[in-house]
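Asker: Quick one: the structure is below, questions incoming.
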Amino acid sequence: MASKSIAARGPARSKQIPVREITNEDLRASLRQGLDDFQAMRGDLVFAGLIYTFIGIAAAVMTTNGPLMPFFFPVVAGVGLLGPVAAVGFYELARRRADGLESGWKHFIDVRKRPSVDDMGVVAGLLLAIFGLWVLVAGLLYVVLFGWATPTSITGFFDTVFTTPRGWALIVAGAVAGAIFGWFVLALSIISLPMLVDCDISASRAVSASWRAAHANKPQMIRWGLIVIGLLVLGSIPLFVGLAFVLPWLGYSTWHLYTRLVDRTAIPTRKN
């Protein structure tokens, strides 16, 4: 594995979980291993097909009517901010397979039996709050540029956004704000949720390790974020059906990336 451990320094940091520096090859290897998991555990398609595609379609339908139209792009794009929460079942399947345990579709919801399930809820709540803040910021940007007028049709709304200077200003400002929110979600969750599935550990320690790992590997994490965005966009076309393949693959791959960012044997609270 092309990685280097970063040990905690000083007595004040003695309880910190050490994280590793990784390379681009670790990203590629994680994607390969994630694809291998996906091919070995096809039963997850039942959950991905019925849950994630439905959520994507529901989000799109809800925001193409009346006053919610300005939130169409923020909500559809922001669904990705909650992706790490949706992937916890895949982390559980990948964990079981890595530990040589039975790992079929029936174990998808076994994550609720993990010792740190309450702490997973804490992190999920944090990500949900970030999602809510993102939607609020996107709404404020729209009001600043377009006022309180409500679009009369989805076609007119798209024309306004893509063919006017104010629309392109909204796109650019939204992209910048979205990148900031995306980085926070990535940094807070890339290790924390897989670790909480894997270990009996507090949310604060898991989030701390995730934050440090992300900032110790900024170039690789930015590349990973771009890969995730690209795959989610492809998976959303058409009608979010591709998410049935993309989300399991990303979930499994994120698990393997976690095992490269952290030495699992160095975490004393691991429990099968």
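The values are calculated or read from the model by the stated rules, or taken from the named source; none is laboratory data. Predicted model only: the values in this text are computed from it and were never measured. All Cβ positions, even for glycine, are placed from backbone atoms using ideal geometry, and neighbour counts span all protein chains on display. The accessibility values were calculated without ligands, DNA or RNA, using every heavy atom of the protein model including side chains. Shrake-Rupley method; radii C 1.70, N 1.55, O 1.52, S 1.80 Å.
Asker: Filter region 213-226 down to the residues that are without any contact (Cβ under 8 Å) to a residue 24 or more places away in the chain and charged (D, E, K, R) and list them by number.
Answerer: Lys218
Asker: Also, I was wondering about something else. Pick out the one residue from Ser204, Ser236, Ser210 that is without any contact (Cβ under 8 Å) to a residue 40 or more places away in the chain, open to solvent by less than 70 Å² (accessible area, probe 1.4 Å) and more than 12 Å from the chain's Cα centre (by Cα).
Answerer: Being without any contact (Cβ under 8 Å) to a residue 40 or more places away in the chain, open to solvent by less than 70 Å² (accessible area, probe 1.4 Å) and more than 12 Å from the chain's Cα centre (by Cα) holds for just one of Ser204, Ser236, Ser210, which is Ser210.
Asker: I need the helices (runs of 4 or more DSSP H) fully contained in region 78-146, keeping only those with at least 2 residues that are surrounded by 19 or more Cβ atoms within 10 Å (Cβ to Cβ) and modelled with pLDDT of 90 or more.
Answerer: 88-98, 117-146
Asker: What number of residues within region 231-245 satisfy the criterion of being small (Gly, Ala, Ser), within 14 Å of Ala77 (Cα to Cα) and not in a loop (DSSP other than H, G, I, E, B)?
Answerer: 1
Asker: Let me ask something additional. Determine the pairs where a residue that is under 16 Å from Leu231 (Cα atoms) and at pLDDT 90 or above, located within region 26-54, has a partner that is basic (Lys, Arg) and part of a helix (DSSP H, G or I) with Cβ atoms under 8 Å apart, the partner being 6 or more residues away or on another chain.
Answerer: Qualifying pairs under 8 Å: Leu27/Arg223; Ser30/Arg260.
Asker: Is there any pair with a first residue in region 119-144 that is within 22 Å of Ala206 (Cβ to Cβ) and a second that is of a type in the set (Ser, Thr, Tyr) and surrounded by 16 or more Cβ atoms within 10 Å (Cβ to Cβ) whose Cβ atoms are under 8 Å apart and which are 6 or more apart or on different chains, and what are they?
Answerer: Cβ pairs passing all conditions: Val123/Ser189; Val123/Ser192; Leu127/Ser189.
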